[in-house]
Amino acid sequence: MTTTYAVLSEGLEKRYGSRGGVVRALRGLDLAVAQGTVCGLLGPNGAGKTTAVGLLTTLLRPDAGSARVAGHDLVREPDAVRRAIGVTGQNTSVDGDLTGRQNLRLFARLHRMRGPTGRARADELLDRYGLTEAADRPASTYSGGMRRRLDLAASLLTRPAVLFLDEPTTGLDPHSRNQIWDTVRALKAEGTTVLLTTQYLEEADQLADDIVLVDRGRVAHTGAPAELKALIGSYAEAVVAHPDAMAGAAAVLDQLTGAEPDFDRERRAVGVVTTDPTLTLPRLVRELDAAGVPLLDVSLRPPTLDDVFLRLTGGRTEGPTDRKELVP
């Protein structure tokens, strides 16, 4: 079966700067997002995620490489790409002085959806995202979740084939976040391709069919969430009764796995990633008990995407562009 790709890039590069030094934000990004799927674009701050979104949405021009979005060449057909995509950025683009309805009708006119067609589509989206009752209130009176839903509705006016969501739930409460998640699932069910960047690893785990981990301007790892988790094994953790017992728990975990444990001193927890298939929960409990470690809880669980992220990026939270890595 032949896979159709909604986003396909090869060797994308982007540099910033001049004679004084150049920041290499992207160093040959290869990306393949299958049509009708949700792709999670993850990576440390400064790894190149936002630059990648800027290129793929035609806001930036690549210095090298090529890409096709919704079947259109990024450089030769930028207008066609823009007509085929929707974008929801990190900050909402709605005007707080306008009502929700006025905002959507304004965006509809900007998309040349004039007259009854634009008004009907705006009203349809207000109803779909639970904003009808607040439609004639200024957007400045909306909660953070409502503003985010209004911003998302604006990006969907033209029924885009590809939707770019750049950290869409940052700062939202759990209820509002779940509403956005439900929206993304519904869009996927309708056939929309979604490229999602997020700092919430649980969000990517919940929504993404595939994960692309970007590090230092390149794709470092890619695969379904379960495939990436399988790369690093299971996570063994012991929560001890008092802080002095953490060293003893760490010694046991080190002896069992040969890996360096992580410490969460606030929770009095010691954990370690292990790929040893012979390590079982009963064995773990027996060894800790035999060492006299006073325990409150012991667990052996599959890794989360947080574990994957920390392991595959070496625990770094910054990429080269955050550290102003310069090349001559």
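Within the range 51-69, the only residue that satisfies the criterion of being within 18 Å of residue 210 (Cα to Cα) and open to solvent by 10 Å² or more (accessible area, probe 1.4 Å) is 53.
In the condition set (1) touching a strand residue (DSSP E or B) at 6+ places or on another chain (Cβ under 8 Å); (2) at pLDDT below 95, residue 1 is compliant with all but (1). Annotation note: of 40, 17, the sole residue that is over 24 Å from residue 305 (Cβ atoms) and touching a residue at least 24 places away in the same chain (Cβ under 8 Å) is 17. Residues that are within 18 Å of residue 175 (Cβ to Cβ) and either touching a residue at least 40 places away in the same chain (Cβ under 8 Å) or of a type in the set (Lys, Arg) (or both) within the range 131-145 comprise just one, 142.
For the range 4-25, filtering for residues that are among the aliphatic types (A, V, I, L, M) and at pLDDT 95 or above leaves 4.
Scanning the range 93-109 for residues that are assigned to a loop (DSSP other than H, G, I, E, B) and not aliphatic (A, V, I, L, M) turns up 93, 95, 96, 97. For the range 128-187, the set of residues classified as of a type in the set (Lys, Arg), closer than 18 Å to residue 203 by Cβ and touching a Ser or Thr at 6+ places or on another chain (Cβ under 8 Å) consists of 148, 149, 177, listed by residue number. Among the residues of the range 289-317, which ones are part of a loop (DSSP other than H, G, I, E, B) and touching a residue at least 60 places away in the same chain (Cβ under 8 Å)? Once the filter is applied, which keeps residues that are part of a loop (DSSP other than H, G, I, E, B) and touching a residue at least 60 places away in the same chain (Cβ under 8 Å), the range 289-317 yields 302, 303, 304, 313, 316, 317.
Reported count of residues in the range 123-155, each being of a type in the set (A, V, I, L, M, F, W, C), assigned to a loop (DSSP other than H, G, I, E, B) and within 12 Å of residue 179 (Cα to Cα), is 0. Within the range 78-92, the residues that satisfy the criterion of being part of a loop (DSSP other than H, G, I, E, B) and either open to solvent by 70 Å² or more (accessible area, probe 1.4 Å) or β-branched (Val, Ile, Thr) (or both) are 90, 91, 92. Residues that are assigned to a strand (DSSP E or B), at pLDDT 95 or above and not hydrophobic (A, V, I, L, M, F, W, C) were ranked within the range 28-62; the one that is farthest from the chain's Cα centre (by Cα) is 28. On the stretch given as the range 135-166, residues that are open to solvent by less than 10 Å² (accessible area, probe 1.4 Å) and more than 28 Å from residue 59 (Cα to Cα) total 1.
The values are calculated or read from the model by the stated rules, or taken from the named source; none is laboratory data. Remember, it's a predicted structure, so these values are computed and weren't measured experimentally. All Cβ positions, even for glycine, are placed from backbone atoms using ideal geometry, and neighbour counts span all protein chains on display. Keep in mind that these areas ignore ligands, DNA and RNA; they rest on the heavy atoms of the full protein, side chains included. Shrake-Rupley method; radii C 1.70, N 1.55, O 1.52, S 1.80 Å.
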